[in-house]
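Working notes for the structure below.
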Amino acid sequence: MADAAPARLADIAGQAGVSEATVSRVLNGKSGVAAATRQRVLAALDVLGYERPLRLRQRSAGLIGLVIPELTNPIFPAFAQVIEQALASHGYTPVLCTQSPGGATEDELVDQLVERGVTGIVFLSGLHADTTTDPERYTRLAGRGVPFVLINGYNDRVAAPFVSPDDAAATRMAVRHLRDLGHERIGLAVGPARFVPVRRKVAGFLAELGRDAPVQHSLFSVEGGQAAATALLDAGCTGIVCGSDMMALGAIRAARQRGLAVPADVSVTGYDDSDLIAFTDPPLTTLRQPVRAMAGAAVSTLLEEINGDQVPRTEFVFQPELVVRGSTAVAPQRGGD
């Protein structure tokens with residue numbers, strides 16, 4: 001990069017933690033630089049927003065489709081970003097396919113990807129998670145010779161690698177946290193019952209509290225959380241476990257509309273822990289999905305499949321982590337203890 005100004009070289013060197021001479025060697029395609037060091041320099045270029053010189057641009061190893069439900073829930077962009085970074089680091093070009101109401105269906109997106117000759121596909125929270133859909137679509141995809149991996153949702157009728165968080169363990173952790181704070185009436189606000197992750201969350205919740213514990217199914221959205229929480233507040237709940245962070249924000253809204261304070265009167269837990277959730281009002285106690293570990297496992301598994309290695313047709317389950325913040329507190333009846 002002969003036209004690089006000294007300040008620009010210095011910026012890149014500082015970002016990469018190497019000397020300007022090393023940056024110059026990499027940018028001019030000279031030998032004598034370790035592969036890991038070269039990669040740090042290229043990463044610094046990307047982070048600082050500089051274009052890579054033409055001679056340094058890798059030829060794509062192939063296209064990989066990433067099929068996700070939508071981008072309004074921040075957990076999906078979080079997954080997409082990590083997956084795309086992992087694919088790009090192995091030389092693959094990610095193709096993001098987003099579903100939206102009235103737009104292309106998952107099947108239509110898959111047909112488009114296959115027609116474009118994709119090397120593999122990653123499905124995130126797709127139809128594989130919906131118990132009412134026909135899993136034969138994935139058998140047909142395998143028959144077309146396209147390797148794929150499925151995240152969030154398991155179906156034993158699909159012979160493929162799955163990557164999931166332990167949803168049942170997550171709701172159990174949330175319930176135990178609220179009980180430790182003295183909450184006796186705890187409710188669960190979750191999405192539609194047809195989804196595998198929802199069923200697992202419900203199973204973990206009921207395993208802790210018994211079959212009669214209050215469960216409200218709604219939409220995985222702020223509005224859905226608000227509707228579900230309204231019913232749970234009617235049932236006298238002082239603790240509300242939510243199936244997503246978006247639902248938890250809706251639950252907080254429902255409490256405030258009644259003049260209740262979170263967490264003084266009502267404690268709320270979320271699920272996902274996408275980047276902005278620590279900055280809500282109050283900061284949200286939530287179950288953190290291990291996004292980076294799950295995405296890394298999905299990409300590694302897919303690349304093994306692409307390389308012809310035999311990967312177990314099973315589910316790899318990752319443990320969520322309880323992150324305690326300001327939306328949960330001691331139950332109101334114990335406030336004077």
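The values are calculated or read from the model by the stated rules, or taken from the named source; none is laboratory data. Fair warning: this is a prediction, and the values are worked out from it, not measured in the lab. A quick note on method: Cβ atoms are made from the backbone with ideal geometry, for glycine too, and the neighbour counts reach across all protein chains shown. Side chains are part of the model used for accessible areas, which takes the heavy atoms of the whole protein and leaves out ligands, DNA and RNA. Shrake-Rupley method; radii C 1.70, N 1.55, O 1.52, S 1.80 Å.
Just a few scattered comments:
- For the range 254-273, the criterion of being of a type in the set (S, T, Y), out of contact with any Asp or Glu (no Cβ under 8 Å at 6 or more places or on another chain), more than 27 Å from A61 (Cα to Cα) and not in a helix (DSSP H, G or I) is satisfied by at least one residue.
- Cβ-Cβ under 8 Å pairs, at least 6 apart or on other chains, the range 158-177 side among the acidic types (D, E), far side surrounded by fewer than 20 Cβ atoms within 10 Å (Cβ to Cβ): D166/V317; D166/F318; D166/Q319
- Positions within the range 318-337 being in contact (Cβ under 8 Å) with a residue 60 or more places away in the chain and in contact with a helix residue (DSSP H, G or I) (Cβ under 9 Å, 6 or more places away or on another chain), in sequence order: F318, Q319, P320, L322, V324, S327, T328, A331
- With respect to (1) among the acidic types (D, E); (2) open to solvent by 60 Å² or more (accessible area, probe 1.4 Å); (3) modelled with pLDDT of 95 or more; (4) within 27 Å of G236 (Cα to Cα), the lone exception for D337 is condition (3).
- Which numbered condition T93 misses (of (1) surrounded by fewer than 19 Cβ atoms within 10 Å (Cβ to Cβ); (2) more than 21 Å from the chain's Cα centre (by Cα)): (2)
- Among the residues listed as A21, A43, the single one being over 17 Å from the mean Cα position of the chain (by Cα), exposed (fewer than 13 other Cβ atoms within 10 Å of the Cβ) and not polar (S, T, N, Q): A21
- The listed residue being of a type in the set (A, V, I, L, M) and either out of contact with any helix residue (DSSP H, G or I) (no Cβ under 7 Å at 6 or more places or on another chain) or not in a helix (DSSP H, G or I) (or both), out of A227, A203, A207, A251: A227
- Failed item in (1) surrounded by fewer than 24 Cβ atoms within 10 Å (Cβ to Cβ); (2) more than 24 Å from the chain's Cα centre (by Cα), with G239 passing the rest: (1)
- From the options L127, L71, L87, L141, residue that is in contact with a helix residue (DSSP H, G or I) (Cβ under 7 Å, 6 or more places away or on another chain), open to solvent by 40 Å² or more (accessible area, probe 1.4 Å) and either under 30 Å from E208 (Cβ atoms) or modelled with pLDDT of 90 or more (or both): L127
- Residue within the range 312-328 that is part of a loop (DSSP other than H, G, I, E, B), hydrophobic (A, V, I, L, M, F, W, C) and out of contact with any Lys or Arg (no Cβ under 7 Å at 6 or more places or on another chain) present: yes
- Count of the range 129-144 residues which are under 14 Å from Q99 (Cβ atoms), touching a residue at least 60 places away in the same chain (Cβ under 8 Å) and outside any strand (DSSP E or B): 1
- Any chance A203 is within 26 Å of V291 (Cα to Cα), small (G, A, S), surrounded by 22 or more Cβ atoms within 10 Å (Cβ to Cβ) and touching a residue at least 12 places away in the same chain (Cβ under 8 Å): no
- Of all residues in the range 191-200, those that are open to solvent by 20 Å² or more (accessible area, probe 1.4 Å) and either at positive phi or in a loop (DSSP other than H, G, I, E, B) (or both) total 3.
- Residue check for D272: within 30 Å of H90 (Cα to Cα), within 26 Å of the chain's Cα centre (by Cα), crowded, with 24+ Cβ neighbours inside 10 Å and in contact (Cβ under 8 Å) with a residue 40 or more places away in the chain: yes
- Here the condition is being open to solvent by 30 Å² or more (accessible area, probe 1.4 Å), modelled with pLDDT of 95 or more and among the charged types (D, E, K, R); of E315, E305, it holds for E315 alone.
- Considering residues of the range 93-120 that are in a strand (DSSP E or B) and free of Cβ contacts under 8 Å to residues at least 60 places away in the same chain only, the residue nearest to E70 (Cα to Cα): T98
- Selection within the range 287-299 - surrounded by 16 or more Cβ atoms within 10 Å (Cβ to Cβ) and not charged (D, E, K, R): L287, Q289, P290, V291, M294, A295, G296, A297, A298, V299
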